[in-house]
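What follows draws every value from the coordinates through simple rules; no lab data is involved. Remember, predicted model here, so these are calculated numbers, not experimental data. Methodologically, a virtual Cβ is constructed for each residue, glycine included, from the backbone with ideal geometry; neighbour enumeration extends over all protein chains shown.
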Amino acid sequence: MEKADRLRDKSNFEQPSAVTDLLHKHESSFEMFDATLASGKGLRAVVAYKQGDEIMRETAIMRIPNSQPAASREAAEQLHKNAIQRAYNSLHHESQKSVMALASCNEDGTDVARTPQGVYDTNSFRLENDPKGGLFLTIARINHSCRPNVTHFWSPRLQQKLIFAARDIDIGEELLTIYGPGQCMATKCRREYLNERFSFECNCEMCREGNANGGDEKMLEIQALQEDIAMQSSSGLVSTTDAEGQLASVTTCLALMKEQGLGGGAFTKSLFHHGYDICLAAGDYDGARSYLNSELTAVMDSEGVHSTKAIEIEEALKNFHDTE
């Protein structure tokens, strides 16, 4: 089935924040359930998803500025608290109850009595290139894994956050995203970050494996390769010999990411773009076109077939054909 056929906009759920299930018109393709004592409630699939399926899109129930001008840090914190309280007070009573049912933790990661600010700061997202963050009631129920099976993308055009399957997902599997960190780290460092930021000891599949089969070593190698590739691809003109070495690094990094369960489009699209840049700088236009096609697939899988980035890449590919 073509991806365009799988991404059909369906009806909204009757929830305080508008959630659209992209696969089924009359019933949800996922359900809320009691996950574990540590993680509380979660979401799990009630239908099978294919990699790249758009599972849902949701409108934020609260939008708060990420920062506000103030004379001091204390004043800025008070403005932030006041903005959250105003947004919370404007909600319907049932929506307020839904917000306060979410988890809350302090900046130092310790559990606290729930407050609107605590809930917002714990569960909200900064939204790419947007001055305001957002709290999404349903998406906030998606628990963490360092090896996630779903990823999220903020659509400025739709003003919604979209959830995509990062790999094939079976019926009954819990939907899991990644809370952080942004870098590939060894198990100990990932757990320290998550415990400090979100007040839980990660016991996901990847963390349970630790360095079995060289998992930690692979994660550190991925991070080193990503940094080197990004630096090399932005350096401008490269020789054919240099390009061969750099592209070999891209291939190695992609293979390691796949081994670690990080082969979804959200994780690989930047690598494919670097491969495109390297080929273009070396004058290898066939290679550039191939990497651009791979980037398009990765972007469609993680941002949607009608995303701005996907449309831009399609235009770039069309220009390749027009110049032949």
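All alpha carbon pair distances within the chain were sorted into 10 Å bins beginning at 0; the resulting P(r) in whole percents reads 5, 23, 31, 25, 12, 3, 0. Within a Cβ distance under 11 Å of residue 299, other residues only, what is the Lys/Arg minus Asp/Glu net charge? The answer is -3.
In a solvent-free Debye calculation with one equal scatterer on each Cα, what is log10 I(q)/I(0) for the stretch 202-324 at q = 0.14, 0.21 Å⁻¹, listed in the order of the q values? One equal scatterer on each Cα of the stretch 202-324 leads to -0.65, -1.17. Using the rule -39500 (n - 2.57) for each DSSP H run of four or more residues, divided by the residues of the chain, the 222 nm mean residue ellipticity is -14000 deg cm²/dmol. Scaling the Cα radius of gyration of the stretch 143-223 by the globular reference 2.2 N^0.38 Å produces a ratio of 1.20. Distance from the Cα centroid of the stretch 177-193 to that of the stretch 277-316 is 28 Å (rounded to whole angstrom).
The Stokes-Einstein estimate for the stretch 62-135, based on a Kirkwood radius over Cα pairs and taken at 10 °C with 1.306 mPa s viscosity, is a diffusion coefficient of 124 µm²/s. A simple spin-label model places pseudo-atoms 7 Å from Cα toward Cβ; at residue 85 and residue 197 they are separated by 2.8 nm. Determine, from the Cβ-Cβ distance of residue 159 and residue 221 and an R0 of 56 Å, the FRET efficiency 1/(1 + (r/R0)^6), rounded to the nearest 0.05. Given R0 = 56 Å and the Cβ-Cβ separation, E is 0.90.
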